[in-house]
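These notes concern the structure reproduced below.
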Amino acid sequence: MFLTNLSKRERIFFFLAAAAIVLSLIGNFFLKPISAKWDLINGKILNKEIELKRKTKYLNQKDRVRSVYQEYNEYAKEKLSDEEALAALLSRLEEEAGASGINVIDVRPKPTKDLSFYKKYTLELTCETTIEKCIDFVYNLQKSPQSIRVEMLNLTSPGKDKPLLNVRMAISTIQITQ
C-alpha cells in the first residue's frame, strides 16, 4: 500500500520519523512522569534524612537537657506571690551588692508584667561604684541560677576628678506560672 509506493530511501526516512515520534511519545507520556515522580520521592527521602539527623542530634543531647531542666525545675516549682518574688529579687541584689562592694542609693520596683506563661519582675537600681565593681556585680547576677538578667545599664561619670560612676540599671527575673 502506502509503503510499497515509496522508494527505499523514503521508507528509511519514514521508519526513522515514525521511530522518533514513538520515542518522543514514550518519553513525554511515560518516562518524564516517572522521572518526575522519582525526583519527588528522592526529595522527600532527602528531607526525611535531614530531619532524622536533626532529631538524632536532639536525642543525643537528651541527658544534658534533662540535667539542665532538673537544675532549673526547682525554681519553676516555687510559686511565690508578687511581693515575695520582688522581695527575693531584692534580697539577692542586696547580697550581691554587698559582696561586690557597691553603694546602693535607690531601688524602685517596676510594675509586674503578667505574660502568657510567666511573670516578669523588674527593679530599677541606682548606685555609685567603680567600673570594676560594677562589672563584678553584673557578672555575678548573670551567672546566678535564678534567671536574673540585667536588662538596662546606664553608666555616667559625675566628673573628671571623681573615681565613682553613677550607675542606673534595670534588673529582672521571671517566675513560671504554669
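The values are calculated or read from the model by the stated rules, or taken from the named source; none is laboratory data. Quick caveat: nothing in here was measured; it's all calculated off a predicted structure. Cβ placement follows ideal geometry from the backbone for every residue including glycine, while neighbour counts extend to all protein chains displayed.
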- [ ] Name the one entry in 97, 88 that is touching a Leu at 6+ places or on another chain (Cβ under 7 Å), hydrophobic (A, V, I, L, M, F, W, C) and within 30 Å of residue 168 (Cα to Cα).
- [x] 88
TODO: With the checklist (1) touching a Pro at 6+ places or on another chain (Cβ under 6 Å); (2) assigned to a helix (DSSP H, G or I) in hand, flag the one item residue 123 doesn't pass.
DONE: (2)
Task: Total residues in segment 122-154, condition within 26 Å of the chain's Cα centre (by Cα) and farther than 30 Å from residue 70 by Cα - done: 1
- [ ] Determine if segment 90-105 includes at least one residue that is assigned by TED's automatic domain parsing to the domain that holds residue 167, of a type in the set (Gly, Ala, Ser), closer than 18 Å to residue 152 by Cβ and at pLDDT 85 or above.
- [x] yes
Open item on the list: I'm trying to understand the selection: among the residues of segment 154-178, which are part of a strand (DSSP E or B) and among the polar types (S, T, N, Q)?
Closed with: 154, 156, 166, 172, 173, 175
Open item on the list: Looking at 157, 116, 81, can you tell me which residue is polar (S, T, N, Q), surrounded by fewer than 15 Cβ atoms within 10 Å (Cβ to Cβ) and touching a Leu at 6+ places or on another chain (Cβ under 7 Å)?
Closed with: 157
Open item on the list: Taking the criterion of being part of a helix (DSSP H, G or I) and over 28 Å from the mean Cα position of the chain (by Cα), would at least one residue in segment 45-56 satisfy it?
Closed with: no
TODO: Please find, within segment 14-46, the residue that is nearest to residue 3 (Cα to Cα) out of those that are of a type in the set (Lys, Arg) and at pLDDT below 95.
DONE: 32
- [ ] Look at residue 14 and say whether it is out of contact with any Leu (no Cβ under 9 Å at 6 or more places or on another chain) and in a helix (DSSP H, G or I).
- [x] no
